[in-house]
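Everything below concerns the one structure shown next.
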Ligand SMILES: [Zn+2]
């Protein structure tokens, strides 16, 4: 026996004309090909009804909220499929905050430009940011101090007031540098 486990985003595509007439006609489809679904697919027969609408969805990891067109759902699903597991959690937050709807084709690229990673806290990010961006001598000099006695939380205030943005999620923060 073959067990098929679906892991990608799915959408429930319904017929708007039927919906307006008080009938729910639709079905679950793969998200990444939602824009290929025809009214005939949904009705199981030929039909004069033309407009389809995504009325429910599953597996979009926060990247899609509410209802939308099958085309929009497919664009988001395809963007998600190009991301690693780590990235996909951050992508939903990024999409809500920064994505321009008319730049869908560049979403993944822009997201990767803005995304600085997942950290335990602002202080944790500030410490790593300092080590990565400061000259070696500077890091070495500071490391002679008891390195972890530095108040990184306070140090992080400036970073996050002036450019970086933290999005709280369970267990930590996603850090963005929005352009
Ligand atoms: Zn219909």
| task | Could you pull out the residue among 48, 73 that is assigned to a loop (DSSP other than H, G, I, E, B) and modelled with pLDDT of 90 or more? | result | 48
| message | Tell me yes or no: at least one residue of the stretch 29-44 is more than 11 Å from the ligand (Cβ to nearest atom), modelled with pLDDT of 95 or more, farther than 24 Å from residue 104 by Cβ and in contact with a helix residue (DSSP H, G or I) (Cβ under 9 Å, 6 or more places away or on another chain). | response | no
| field | Qualifying residues in the stretch 125-165 (those that are surrounded by fewer than 10 Cβ atoms within 10 Å (Cβ to Cβ) and assigned to a helix (DSSP H, G or I)) - the one nearest to the chain's Cα centre (by Cα) | value | 161
| request: Report yes if some residue within the stretch 8-25 is closer than 30 Å to residue 109 by Cβ, away from the ligand (no atom under 13 Å from the Cβ) and surrounded by fewer than 14 Cβ atoms within 10 Å (Cβ to Cβ); otherwise report no. | output: no
| Selected residue (only one of 62, 66, 89 is more than 16 Å from the ligand (Cβ to nearest atom), on the phi > 0 side of the Ramachandran plot and surrounded by 13 or more Cβ atoms within 10 Å (Cβ to Cβ)) | 62
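The values are calculated or read from the model by the stated rules, or taken from the named source; none is laboratory data. All values reported here derive from a predicted model rather than from experimental measurement. We place every Cβ from the backbone using ideal geometry, glycine too, and count neighbours over all the protein chains shown.
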